[in-house]
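Asker: Sending over a structure as structure tokens; questions will come in a sec.
The values are calculated or read from the model by the stated rules, or taken from the named source; none is laboratory data. Just so you know, these numbers come straight off a predicted model, no measurement behind them. Every residue, glycine among them, receives a Cβ derived from its backbone with ideal geometry; neighbour counts consider all protein chains shown. Note: accessible area is taken over every heavy atom of the protein model, side chains too, but ligands, DNA and RNA are not part of it. Shrake-Rupley method; radii C 1.70, N 1.55, O 1.52, S 1.80 Å.
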Amino acid sequence: MTGPGYDAESPATESGPQFSSLEATGVSQVTTISIQSGPVAEVAADALIVGVYKDGDTLVLSPGAAAVDEALGGSLAETLSTLGASGAAEETTRVATGGRLAAPLLVAVGLGDAGDGEVVGASGLEDLRKAVGAAVRSLAGKDKAAIVLGDSGAEVLGATAEGAAFGAYTYDGLKADASRKAPVGEIVLVTKGAPDAETQAAAERAEVLGAAVTATRDLINTPPSHLFPQAFAEAAVDAVQNAGVPALSIEVLDDVQLREGGYGGLTGVGQGSVRGPRLVKVTYTHPQASRKLAFVGKGITFDTGGISLKPPASMETMKSDMSGAAAVVHAALAVAKLGLPVNVTAWAALAENMPGGNAIRPSDVLTMFGGKTVEVLNTDAEGRLVLADAIVAASAEQPDAIVDVATLTGAQVLALGHRTGAVMSNDEEFRVQLESAAERAGEDFWPMPLPAHLRKTMDTQVADLANMGDRMGGMLVAGLFLKEFVGESAEGGQIPWAHLDIAGPSFNESGPYGYVPKGAVGFALRTLVQLADDAATGLL
């Protein structure tokens with residue numbers, strides 16, 4: 001990448017509608033998080049949130065609810081049971097406090113089975129995040145909510161804060177109606193004692209992650225009329241410039257520079273649109289870093305399928321086909337804001353896949369960045385083409401590991417559904433480390449193989465490989481295609497690499513649940529940040 005290649009004006013090579021920013025769609029409110037020690041009855045907030053468990057047919061108050069129960073005369077469990085509360089996971093029940101608490105409203109949220117009686121119980125930290133997220137989401141329209149914690153340890157406090165931050169989200173887009181209910185703007189975590197450095201750091205981390213997930217969701221939810229490659233690049237430039245982190249920098253290659261630089265995948269996919277492709281590179285460097293990670297994201301701002309046109313119904317959510325690019329950019333920003341001692345570079349490969357008069361055709365051959373040639377058998381298998389260019393570029397900088405994130409295949413959704421992502425890798429040890437990071441971050445990934453026999457199905461007489469192979473096992477074929485573009489490490493052999501296919505969990509088309517809203521989820525960002533944290537602390 002030579003020079004920024006960034007121009008705030010529309011390049012002369014593009015025509016058609018242009019927008020210089022995302023201001024018309026609005027930016028979602030970011031929730032602040034703070035810690036306050038009791039007494040609980042005197043906490044000033046619009047609502048107080050406590051946890052309850054299900055123990056058979058009995059409702060059990062969480063340890064943190066004891067002080068609240070005392071202030072309400074010891075009848076809280078009975079009152080909640082009368083109102084129908086069962087303690088089921090994510091169930092919310094509201095009770096007016098009648099002046100007995102400083103907060104006028106009490107929200108009891110179910111934490112599931114009581115299990116061994118611990119604060120988190122059998123549900124685990126991720127279920128705690130979901131339950132708290134559901135409670136905070138139910139309080140849209142309130143300015144301030146307080147969450148009562150029985151255990152003020154950093155692990156529980158951090159999960160609670162994260163669930164609250166993720167649940168406090170609303171996207172209005174271009175609605176003219178200003179009567180919507182804004183998400184909770186301020187969260188107070190009420191603890192037994194004053195916070196120590198570890199719990200304070202956990203709260204601050206949650207606030208950074210919440211802001212990053214919000215920004216990622218905003219990009220994904222933005223309509224394609226307003227978010228196209230140039231607009232995404234401008235949003236990334238603004239985010240880097242406003243981050244206030246001197247160790248952050250950004251470069252952008254425009255369509256002319258990509259063509260001249262030999263980025264055949266990005267150029268080929270983008271040439272059917274009047275809005276040219278971009279390659280965004282966000283770099284974070286830390287003076288004490290000993291490890292370097294590269295995050296590569298698929299950024300198809302809208303996917304019609306190109307000449308291999310999708311059915312109309314299959315296009316309805318294709319504004320979300322840039323979820324991977326949004327995740328990697330804001331993961332890098334989050335790592336920078338947390339000040340983690342690790343070097344991270346995020347690559348966002350951006351293009352709009354349109355069936356214009358100059359669009360690539362089935363049987364066209366593209367020369368990719370780095371020189372490999374690819375026969376395009378299906379123009380709707382375009383994500384792997386733009387990712388391949390970016391993976392080669394990332395490999396040239398010799399990172400310790402590469403992770404690509406992409407809404408890549410419908411086969412992933414068929415195999416794993418809408419809440420679980422797939423992970424494939426050329427390095428089993430690295431895959432296991434990434435899965436561990438994902439589990440601790442609270443995101444669900446399932447390992448998938450890269451069978452060697454499927455690579456042969458991409459052989460072609462006219463190029464080094466085709467962008468399609470055996471239709472059965474399409475998710476695995478896509479992973480094998482990307483593996484072909486991973487570079488060699490200085491020590492020999494391929495750079496450790498993992499491919500995250502998030503086609504299913506990236507965009508929620510059903511109703512909201514837990515801390516997940518309808519629409520963009522922001523999936524994979526937390527895994528990437530946790531992986532960077534592991535690299536910084538020597539776990540990777």
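Asker: Please find, among A394, A346, the residue that is out of contact with any helix residue (DSSP H, G or I) (no Cβ under 8 Å at 6 or more places or on another chain), open to solvent by less than 20 Å² (accessible area, probe 1.4 Å) and under 20 Å from G261 (Cβ atoms).
Answerer: The match here is A394.
Asker: For the stretch 434-467, how many residues are open to solvent by 80 Å² or more (accessible area, probe 1.4 Å) and polar (S, T, N, Q)?
Answerer: Number of matching residues: 1.
Asker: Does the stretch 400-433 hold any residues that are more than 24 Å from I300 (Cα to Cα) and out of contact with any Leu (no Cβ under 6 Å at 6 or more places or on another chain), and which are they?
Answerer: Of all residues in the stretch 400-433, those more than 24 Å from I300 (Cα to Cα) come to 400, 426-433.
Hits for the stretch 400-433 are D400, N426, D427, E428, E429, F430, R431, V432.
Asker: While we're on this one: Report the residue count in the stretch 287-338 for those that are within 20 Å of A396 (Cα to Cα) and touching a Leu at 6+ places or on another chain (Cβ under 9 Å).
Answerer: If we filter the stretch 287-338 for residues that are within 20 Å of A396 (Cα to Cα), which is where we start, we get 289-298, 325, 328-329, 332.
Subsequent filtering for residues that are touching a Leu at 6+ places or on another chain (Cβ under 9 Å) retains 289, 291, 293, 295-298, 325, 328-329, 332.
Residues that pass the stated criteria total 11.
Asker: Look through the stretch 170-185, keep the residues that are charged (D, E, K, R) and loosely packed, with under 14 Cβ neighbours inside 10 Å, and return whichever of them is modelled with the highest pLDDT. Lay out the reasoning, then the answer.
Answerer: Narrowing the stretch 170-185 to residues charged (D, E, K, R): 172, 175, 177, 180-181.
Applying the additional criterion that residues be loosely packed, with under 14 Cβ neighbours inside 10 Å yields 175, 177, 180-181.
On the way: K175: 80, D177: 74, R180: 75, K181: 87.
Only one residue tops the list, namely K181.
Asker: Taking only the stretch 1-55 into account, find how many residues are modelled with pLDDT under 85, open to solvent by less than 60 Å² (accessible area, probe 1.4 Å) and either closer than 27 Å to G210 by Cα or part of a helix (DSSP H, G or I) (or both).
Answerer: Filtering the stretch 1-55 for residues modelled with pLDDT under 85 gives 1-29, 38.
Narrowing further to those that are open to solvent by less than 60 Å² (accessible area, probe 1.4 Å): 3, 5, 8, 10-11, 14, 16, 18, 21-22, 25-26, 28, 38.
After this cut, where a residue has to be either closer than 27 Å to G210 by Cα or part of a helix (DSSP H, G or I) (or both) as well, the list is 21-22, 25-26, 28, 38.
Counting residues in the stretch 1-55 that are modelled with pLDDT under 85, open to solvent by less than 60 Å² (accessible area, probe 1.4 Å) and either closer than 27 Å to G210 by Cα or part of a helix (DSSP H, G or I) (or both) gives 6.
Asker: Any idea how many residues of the stretch 208-239 are of a type in the set (S, T, Y) and assigned to a loop (DSSP other than H, G, I, E, B)?
Answerer: At the first step, the residues of the stretch 208-239 found to be of a type in the set (S, T, Y) are 214, 216, 222, 225.
Remaining after also requiring assigned to a loop (DSSP other than H, G, I, E, B): 222, 225.
Summing the residues that are of a type in the set (S, T, Y) and assigned to a loop (DSSP other than H, G, I, E, B) in the stretch 208-239 gives 2.
Asker: Quick check, is G141 at positive phi and either of a type in the set (D, E) or more than 23 Å from the chain's Cα centre (by Cα) (or both)?
Answerer: Working: at positive phi: yes; either of a type in the set (D, E) or more than 23 Å from the chain's Cα centre (by Cα) (or both): yes.
Against the criterion (at positive phi and either of a type in the set (D, E) or more than 23 Å from the chain's Cα centre (by Cα) (or both)), G141 qualifies.
Asker: T82 is checked against (1) open to solvent by 50 Å² or more (accessible area, probe 1.4 Å); (2) hydroxyl-bearing (S, T, Y); (3) closer than 25 Å to L125 by Cα and fails just one. What number does that condition carry?
Answerer: Condition (3) is where T82 drops out.
Asker: Which pairs have Cβ atoms under 9 Å, sit 6 or more apart or on different chains, and link a residue in the stretch 85-96 that is closer than 15 Å to V132 by Cβ to one that is surrounded by fewer than 17 Cβ atoms within 10 Å (Cβ to Cβ) and among the charged types (D, E, K, R)?
Answerer: G87/D55
Asker: For A201, indicate whether it is modelled with pLDDT of 95 or more, more than 23 Å from A41 (Cα to Cα) and open to solvent by less than 40 Å² (accessible area, probe 1.4 Å). Before the answer, list the steps.
Answerer: Values: modelled with pLDDT of 95 or more: yes; more than 23 Å from A41 (Cα to Cα): yes; open to solvent by less than 40 Å² (accessible area, probe 1.4 Å): no.
So A201 fails the test.
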